[in-house]
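A.B. asks: Let me give you the structure first, and then I'll get to my questions.
The values are calculated or read from the model by the stated rules, or taken from the named source; none is laboratory data. Nothing here was measured: the structure is a model prediction, and the numbers come from that model. All Cβ positions, even for glycine, are placed from backbone atoms using ideal geometry, and neighbour counts span all protein chains on display. These accessible areas exclude ligands, DNA and RNA; they are computed on the full protein's heavy atoms, side chains included. Shrake-Rupley method; radii C 1.70, N 1.55, O 1.52, S 1.80 Å.
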Amino acid sequence: MTTALHVLILAAGKGTRMRNGRPKVLHPLAGRSLLEHVLAVAGELDPARVVLVLAPGMEEVAEAAARSGLPLSVAIQDPPLGTGHAVQAGIAGLPASGEVLVLYGDTPLIRARTLQELLAARRAADAAVAVLGMDPPDRTGYGRFRQEGGQLLAIVEERHADPELRRSGLCNAGVMAMDAARLPELLAAVPHRPDKNEYYLTDIVELARQRGWACVAVEGPWQDGVGVNSQRQLADAYQLFQDRQRERHLELGVIMPVPDSVHFSADTEVAPGAMIEPYVMIGPGVRLEAGARVHAFSHLAGCTIEADAEIGPFARVRPGSRIGQGAKVGNFVETKNAWLGAGAKLNHLSYVGDAEVGEAANLGAGTITCNYDGFGKHRTAIGAGAFIGSNTALVAPVNVGAGALVGAGSVITRDVPDDALAVTRPQQAIREGHAATLRARYRARKTGAGS
Ligand code: UD1
Ligand code: CA
């Protein structure tokens, strides 16, 4: 028999240490908010219900969470009086059977496999409480475990811990798995802490021990438990997250000569055998297929780079772009909402937006789709095998047929039929010897002025 799992995510804290008035859990970390990271992990555990604990006035957070697609409800803690009080608000309305797992909205690097181990350890010991411990390089601000002979006796908040416990005790990551049947009795017994006007969730460990109920501590990778309370810690969490992404992609077989300079988003998908050169920034919604190559200093977001296509160096591929198999987007090229067919080339200094480019079409240096008239966006379609001369402006909406040729420097405002030639520049005039005549005249003027 499997017991129902209920996940509580505590996020009622004001996050004042972030110093910008924005709800802490909505701060972004690699293309997702802190809360979205935690919700994604909660979802991996297949919970019967997820309860998000918020303070009054946090509607923006509730709306963001509702988009997760999880079986989610929101509990309001009014006013927020500490983590113990938050769990009490969160379990109201939940059945008093099964398991309750508490996660913090400000602990975004937690992983499902770490949580599975914690849940398994609680079940194995039939413990009232199982807590995740860690040994991070910077221990400031965390509660400490008091342990004896494999039993967890208490969690002591840092400010109440003696120097010896501060030094030697495992740090409390904040994640707890609990037996739902025994939890209400423990929460009801949590004392009020007048110094902070709070009820500490951490006090339930000692209360369980007083009742003779088992409590277990499970040490996990410290990165999983890193909490974000300040901009500094958010930046640190970002680095840890990137390190993980880099390792994961290297293990998968992605070629990255300088992994530390490549930045991923949480949802980046890269096939083995794709190559990413140094200093590449990958925003949300990017997929690279096998053999795709992204050269240095490129910026990608919301795009698919098909097999063997090449990007950059110094390219910007924006949302809605799909770069076909073996196609090329070269230096100082920007694409947006653009589909490039297989083998199409867009090699230098171009902007292609709201466009469809056929297979093997070649767009010369400086080709610009003029897609915006100040009011609306318009589309450009370029047929397969078309050749667009350098410095051409394609004034959308406009179609260039398959196999058509557009002369360099043209401003194309009307459709070009298949296999037609279109040129819009004026005729070239030649005046034999006139350059020499002009030079002589200018030289004479300059010497005359200097004397
Ligand atoms: C807490 C733990 C500490 C642990 C650390 C791990 C307690 C008393 N302390 O400290 O042992 O090492 O987390 O990161 O539990 N929250 C509410 N309602 C409240 C107060 C907080 O929902 O009334 C939420 C916050 O939004 C946050 C989480 O609970 O997501 C933790 O609160 P925070 O104030 O950050 O606790 P810490 O001081 O970090
Ligand atoms: Ca915290």
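A.B. asks: Just to be sure I understand the filter: pairs with C-beta atoms under 7 Å, separated by 6 or more residues or on different chains, first member in the stretch 198-216 and within 16 Å of ligand 1 (Cβ to nearest atom) and of a type in the set (Gly, Ala, Ser), second member in a helix (DSSP H, G or I) and at pLDDT 95 or above. Which pairs pass?
C.D. replies: Ala208/Leu186
A.B. asks: Keeping to the stretch 32-47, report how many residues are under 17 Å from Val87 (Cβ atoms) and assigned to a loop (DSSP other than H, G, I, E, B).
C.D. replies: Total meeting the criteria: 1.
A.B. asks: Just to check your reading of the model, which residue among Arg111, Arg67 is over 27 Å from Pro319 (Cβ atoms) and more than 14 Å from ligand 1 (Cβ to nearest atom)?
C.D. replies: Values: Arg67 fails: over 27 Å from Pro319 (Cβ atoms).
None of the other options fit; the residue is Arg111.
A.B. asks: OK, next. Which of the residues spanning the stretch 281-292 are within 18 Å of Ser261 (Cβ to Cβ) and surrounded by fewer than 18 Cβ atoms within 10 Å (Cβ to Cβ)?
C.D. replies: Met281 - this is the single residue of the stretch 281-292 that is within 18 Å of Ser261 (Cβ to Cβ) and surrounded by fewer than 18 Cβ atoms within 10 Å (Cβ to Cβ).
A.B. asks: Give me the residue from the stretch 312-349 that is among the aromatic types (Phe, Trp, Tyr) and closer than 20 Å to Thr392 by Cα and, out of that set, surrounded by the fewest Cβ atoms within 10 Å (Cβ to Cβ). Before the answer, list the steps.
C.D. replies: In the first step, residues of the stretch 312-349 are kept if they are among the aromatic types (Phe, Trp, Tyr); the result is 314, 332, 339.
Narrowing further to those that are closer than 20 Å to Thr392 by Cα: 332, 339.
On the way: Phe332: 16, Trp339: 19.
Per the stated criteria, the residue is Phe332.
A.B. asks: Please state which of the following conditions Tyr442 fails to meet, knowing it meets all the rest: (1) out of contact with any Leu (no Cβ under 6 Å at 6 or more places or on another chain); (2) open to solvent by 50 Å² or more (accessible area, probe 1.4 Å); (3) closer than 22 Å to Thr335 by Cβ.
C.D. replies: Failed condition: (3).
A.B. asks: How many residues are more than 14 Å from ligand 1 (Cβ to nearest atom), buried (at least 17 other Cβ atoms within 10 Å of the Cβ) and charged (D, E, K, R) if we restrict to the stretch 157-181? Reasoning before the result, please.
C.D. replies: Of all residues in the stretch 157-181, those more than 14 Å from ligand 1 (Cβ to nearest atom) come to 162-164, 167-168, 177, 179-181.
Now drop any that are not buried (at least 17 other Cβ atoms within 10 Å of the Cβ), which leaves 177, 179-180.
Now drop any that are not charged (D, E, K, R), which leaves 179.
The number of residues fulfilling the criteria is 1.
A.B. asks: Starting from residues that are open to solvent by 10 Å² or more (accessible area, probe 1.4 Å) and of a type outside the set (A, V, I, L, M), keep the ones in the stretch 115-135 and report whichever is nearest to ligand 2 (Cβ to nearest atom).
C.D. replies: Keep residues of the stretch 115-135 that are open to solvent by 10 Å² or more (accessible area, probe 1.4 Å), which gives 116-117, 120-126, 135.
When the remaining residues are screened for being of a type outside the set (A, V, I, L, M), the result is 116-117, 122-123, 126, 135.
On the way: Gln116: 23, Glu117: 22, Arg122: 22, Arg123: 27, Asp126: 29, Asp135: 17 Å.
My answer is Asp135.
A.B. asks: Please go through the stretch 2-25 and pick out each residue that is more than 12 Å from ligand 1 (Cβ to nearest atom), of a type outside the set (S, T, N, Q) and open to solvent by 20 Å² or more (accessible area, probe 1.4 Å). Talk me through it step by step, then tell me what you get.
C.D. replies: Of the residues in the stretch 2-25, the ones more than 12 Å from ligand 1 (Cβ to nearest atom) are 2-7, 19-22.
Then drop every residue that is not of a type outside the set (S, T, N, Q), which leaves 4-7, 19, 21-22.
Correct list: Ala4, Arg19, Gly21, Arg22.
A.B. asks: Here's another thing I want to ask about it. Return the residues of the stretch 217-274 that are of a type in the set (D, E, K, R) and away from ligand 1 (no atom under 16 Å from the Cβ); say none if nothing qualifies.
C.D. replies: Listed by number, the residues that qualify are Asp243, Arg244, Arg246, Glu247, Arg248, Glu251, Asp260, Asp267, Glu269.
A.B. asks: For the stretch 189-200, does any single residue satisfy the condition of being more than 16 Å from ligand 2 (Cβ to nearest atom), of a type in the set (A, V, I, L, M, F, W, C) and assigned by TED's automatic domain parsing to the domain that holds Gln88?
C.D. replies: Scanning the stretch 189-200, I find at least one residue that is more than 16 Å from ligand 2 (Cβ to nearest atom), of a type in the set (A, V, I, L, M, F, W, C) and assigned by TED's automatic domain parsing to the domain that holds Gln88, so the answer is yes.
A.B. asks: Against the conditions (1) away from ligand 2 (no atom under 16 Å from the Cβ); (2) part of a helix (DSSP H, G or I), where does Ala181 fall short? Just the number, please.
C.D. replies: Checking Ala181 against (1) away from ligand 2 (no atom under 16 Å from the Cβ); (2) part of a helix (DSSP H, G or I), the one that fails is (2).
A.B. asks: Which of the following residues is assigned by TED's automatic domain parsing to the domain that holds Gly143, surrounded by 15 or more Cβ atoms within 10 Å (Cβ to Cβ), within 10 Å of ligand 1 (Cβ to nearest atom) and over 22 Å from the mean Cα position of the chain (by Cα): Gly98, Gly84, Gly105?
C.D. replies: Numbers: Gly98 fails: within 10 Å of ligand 1 (Cβ to nearest atom); Gly105 fails: over 22 Å from the mean Cα position of the chain (by Cα).
On inspection, the qualifying residue turns out to be Gly84.
A.B. asks: Next question. Could you check the stretch 208-241 and list, in sequence order, the residues that are more than 13 Å from ligand 2 (Cβ to nearest atom) and either closer than 14 Å to Gly105 by Cα or not in a helix (DSSP H, G or I) (or both)?
C.D. replies: Arg211, Gly212, Trp213, Ala214, Cys215, Val216, Ala217, Val218, Glu219, Gly220, Pro221, Asp224
A.B. asks: On to the next question. Tell me which of these Ala188 doesn't satisfy, since it passes every other one: (1) open to solvent by 60 Å² or more (accessible area, probe 1.4 Å); (2) at pLDDT below 95.
C.D. replies: Unmet for Ala188, out of (1) open to solvent by 60 Å² or more (accessible area, probe 1.4 Å); (2) at pLDDT below 95: (2).
A.B. asks: On to the next question. Within the stretch 142-159, can you find the residues that are touching a strand residue (DSSP E or B) at 6+ places or on another chain (Cβ under 9 Å) and either over 15 Å from Ala125 (Cβ atoms) or within 16 Å of ligand 2 (Cβ to nearest atom) (or both)? If you could, list the steps in order and put the result at the bottom.
C.D. replies: Initially, the stretch 142-159 is screened for residues touching a strand residue (DSSP E or B) at 6+ places or on another chain (Cβ under 9 Å), giving 142-147, 150-158.
Once the filter is applied, which keeps residues that are touching a strand residue (DSSP E or B) at 6+ places or on another chain (Cβ under 9 Å) and either over 15 Å from Ala125 (Cβ atoms) or within 16 Å of ligand 2 (Cβ to nearest atom) (or both), the stretch 142-159 yields Tyr142, Gly143, Arg144, Phe145, Arg146, Ala154, Ile155, Val156, Glu157, Glu158.
A.B. asks: Are any residues in the stretch 191-207 part of a helix (DSSP H, G or I) and over 38 Å from the mean Cα position of the chain (by Cα), and if so, which ones? Working first, answer last.
C.D. replies: The initial filter retains those residues of the stretch 191-207 that are part of a helix (DSSP H, G or I), namely 201-207.
Result: Glu206, Leu207.
Conditions tested, residue by residue: (1) under 18 Å from Pro284 (Cβ atoms); (2) charged (D, E, K, R).
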site	(1), (2)
Arg19	no, yes
Arg22	no, yes
Pro28	yes, no
Arg32	yes, yes
Ala42	no, no
Leu45	no, no
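A.B. asks: Among the residues of the stretch 139-154, write down those that are within 12 Å of ligand 1 (Cβ to nearest atom) and either surrounded by fewer than 17 Cβ atoms within 10 Å (Cβ to Cβ) or not assigned by TED's automatic domain parsing to the domain that holds Asp106 (or both).
C.D. replies: Listed by number, the residues that qualify are Arg139, Thr140, Gly141.
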